[in-house]
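Read through the structure below, which is laid out as structure tokens, and then see the notes.
The values are calculated or read from the model by the stated rules, or taken from the named source; none is laboratory data. All values derive from a computational prediction rather than experimental measurement. Please note: Cβ atoms are built from the backbone with ideal geometry, for glycine as well, and neighbour counts cover all protein chains shown. Areas reflect the complete protein model, heavy atoms only, side chains present, ligands, DNA and RNA absent. Shrake-Rupley method; radii C 1.70, N 1.55, O 1.52, S 1.80 Å.
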Amino acid sequence: MLSINNLKASIEGKAILNGINLDIKPGEVHAIMGPNGAGKSTLSSVLAGRSDYEVNDGSALFMGKDLLALSPEDRAREGLFLAFQYPVEIPGVSSTNFLKTAINEKRKYLGLDPMEATDFLKFMKLKMEEMEMDKSLTSRSLNEGFSGGEKKRNEVFQMAMLEPKLCIMDETDSGLDIDALRLVSAGVNKLRTPERSFLVITHYQRLLDYIVPDFVHVLYKGRIVKSGDASLAKELEVKGYDWIKQEVESAK
Amino acid sequence: MNLLDQIKSDFSAYAAQAEKDSFFETRNNAFLELEKCGLPTLKNEEWKYTSIRKISEGNFTQSCVSELDAKSLLEAGILNTIACNKLVFVNGCLFPELSVFLEEDADIVISSIANARKGNAAIITQHFGKYAAVEGQGMVAMNTALMSDGAFVYVPKGKKMKYPLMLTNITDATQHGIFQQPRNLIVIEESAHGSIIENYIAIGEHASFTNVVNEIFVDNNASLEHYKVQRAKGETYHNNFTQVFQNGNTNINQVTLSLDGQWIRNNLHFYMNGQNCNSLLYGLYITDGSQFVDNHSRVDHAMPNGYSDEKYKGILRDNSTAVFNGKIMVHVDAQKTNAYQRNMNILLSNDATVNTKPQLEIFADDVKCTHGATIGQLDEEPMFYLRSRGISELEARKLLLNAYAADIAEKIKIPELVQILEEEIERKL
């Protein structure tokens, strides 16, 4: 589904990603962990198409297409979804109108007719029940005045509405208390299917207690320096990142 | 002939046969003031960014003559979806066939000033020329000296207008350049309620200059909704001076929408002459091409416990220009004043210009006042957020600009007018 090969990226001339290799197949959940400054959020930004970053080398194929050549909106329409670490508050744009526009823009891209207003509302109602979303959230302006937990749940709700193929979750656990973390994770788990893949970026292991990954990768200084299964995350929780840093430095 | 010479010659013609005009003294004083102070120039601080060169060159004609019939006037853009009283003026003169009076209460007067002078002379004389001061105000003096006709709205004590008045001014410049000076007088007595929509449209290829003066008197415990919709397309020059004089416990909601027009200058002045006045001033301007829009406002908090909230928002494209100058004057007696003022601008092109100057002058010591201005572009973060959900750059920009403008649209209390505004925003963006 996603195949990243020797990806190098920088911001304002400063190299952040120094050759990422990663292969994600349908239905797989990959976790990217790593210390602060390792390049975790840069990776999600580059994949989603944020223009502040410059890709210097390498490639990323998404469903066989050159992901890095697509605009952010086309990446989304192809089925990529980025759950933001800090979802943006947009006063004056209603959540409903926003979602309707997003769904219909995607349908247009795929050559489908726009969804009728009544069908859309039915679909939204269904998804809201499924995701146990409070009705009031969708009548308000997009993320405006939402608590940290509400914002993250709203990201997952958007994910449910837009039905992406690959979900990138950028530090979704940051700023969540344990109850909110449970709710958000439960939402994500509902969206797991044999076809849909996840790339979960996190600093802490605790999120991975709820969203159990198939693979765990450690990112350090812009490279994946270690990969393993879910047990690697447990090991990091106990031992911290220092031993990995030492391994990397001594291998030089 | 330049404009000032034309005014002088027109005034002497008027003065020669004006003995019976009860307005003569007011008009003559205004004319003398105009001769003294002249028309504003860039050297005048209040006109620093606003050139009236094209206007002072003149070459306009004052003439009611229009070959348009009622049907084509209706099609020209009278806001027909709103159930309302109507007065239509073409080139400054009443077009009686299109007048509509829906009020059940016959004590409420909605008329042209010319007609009202016959039956309501006392009220008109009591208020006419009493609020829009001519001193140092060449444009107001020019209007007062040689006004065309205009609307007279009189809502007597305790009465409430059930429908808004749509006051439509049509410039028909299909034959030649047009000069008109509409003059409206609105009197809302104690505990009464009024609602007015000023609607400006234009047709024709020639240039026009419209110099409006509104005098609005709102007595104790009364309220007023006042909207201005400026959509006079083409080479139109529009100067609008509105003086609101409010007594105690009054509520006034004023929204100015500047959409079309080559050159617009709005002067909106509030004078709070009693305690507990509540004045809301909101505006939205969306400009493109080489449009010029200038909003000058002044709120005089002369008495205690007043509240004013002012917010003007602009969206500028191409090489259009906007000016904002808001002055809040808190007089020495106006303790416990709350006054807020903001001007926000989004520039969508490198060639658009904004000159903004929020001003506070405070002479009382127990007040709460804030003011501020911003000029910027659309924020990157919301843009990226929307695009990351599959929304195109164009649609994302529309959503964000509509949201930005909706903040002003929601200040309008007439749902049909909000809808019209939404369509206009869609058109302009």
Percent antiparallel among DSSP beta bridges (both partners in the protein assembly as shown, rounded to 5): 15
Region A:2-251 - percent relative contact order, Cα under 8 Å, separation 6 or more: 28
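Distance cut-off 21 Å, Cα to Cα: go down the list A:K100/B:K411; A:K122/A:K190; A:K40/A:K152; A:K25/A:K221; B:K86/B:K162 and report the pairs above it. Don't skip to the answer; put the middle values down first.
Values: A:K100/B:K411 26 Å; A:K122/A:K190 19 Å; A:K40/A:K152 18 Å; A:K25/A:K221 25 Å; B:K86/B:K162 13 Å.
As for pairs spanning more than 21 Å Cα to Cα, those are A:K100/B:K411; A:K25/A:K221.
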Shielding score for A:86-92, defined as the mean number of other chain Cβ atoms within 10 Å: 6
Selected from A:F62, B:L4, B:F60, residue furthest toward positive end of dipole (the protein assembly as shown; charges at beta carbon): A:F62
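What does the structure give for B:376-387 when I average, per residue, the other chain Cβ atoms found within 10 Å of the residue Cβ?
Whole-number average of other-chain Cβ neighbours for B:376-387 is 6.
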Nearest-20 debye value, region B:3-273 charge dipole, Cβ charges on Lys, Arg, Asp, Glu: 320
Cβ crowding within 10 Å averaged over residues, with A:16-24, B:10-18 ranked highest first: A:16-24, B:10-18
Which listed pairs, of B:K313/B:K428; B:K20/B:K118; A:K106/B:K313, have C-alpha distances above 23 Å, in listed order: A:K106/B:K313
Rounded if a/c under 1.5, otherwise prolate or oblate - region B:3-273, Cα gyration tensor axes: rounded
For chain A: rounded, prolate or oblate by the Cα gyration tensor [a/c cutoff 1.5]: prolate
In order through region B:390-396: 3J(HN,Hα) via Karplus (6.51 cos²θ - 1.76 cosθ + 1.60), integer Hz, x for Gly, Pro: x, 8, 5, 4, 5, 5, 4
Simple label model, 7 Å out from Cα along Cβ direction - B:Q359 to A:D23, nm: 7.2
Angle in degrees between helix A:148-162 and the longest Cα principal axis of chain A, rounded to the nearest 10: 70
Loop chymotrypsin sites (Phe, Trp or Tyr not before Pro), region B:351-422 (other Cβ atoms within 10 Å of the site Cβ: 16 or fewer; DSSP): B:F363
Net charge dipole size for the protein assembly as shown [Lys, Arg +1 and Asp, Glu -1 on Cβ; Debye, nearest 20]: 840
For region B:28-178: rounded, prolate or oblate by the Cα gyration tensor [a/c cutoff 1.5]: oblate
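Taking each residue in B:390-401, count the Cβ atoms of any other chain within 10 Å of its Cβ, then average. What number comes out?
6
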Free-standing Cys residues across chain B, given no other cysteine C-beta under 4.7 angstrom: B:C37, B:C84, B:C277, B:C369
Rounded accessible area of A:Y241 (nearest 10 Å², 1.4 Å probe): 40
DSSP-defined beta bridges in chain B - what % are antiparallel, rounded to 5: 5
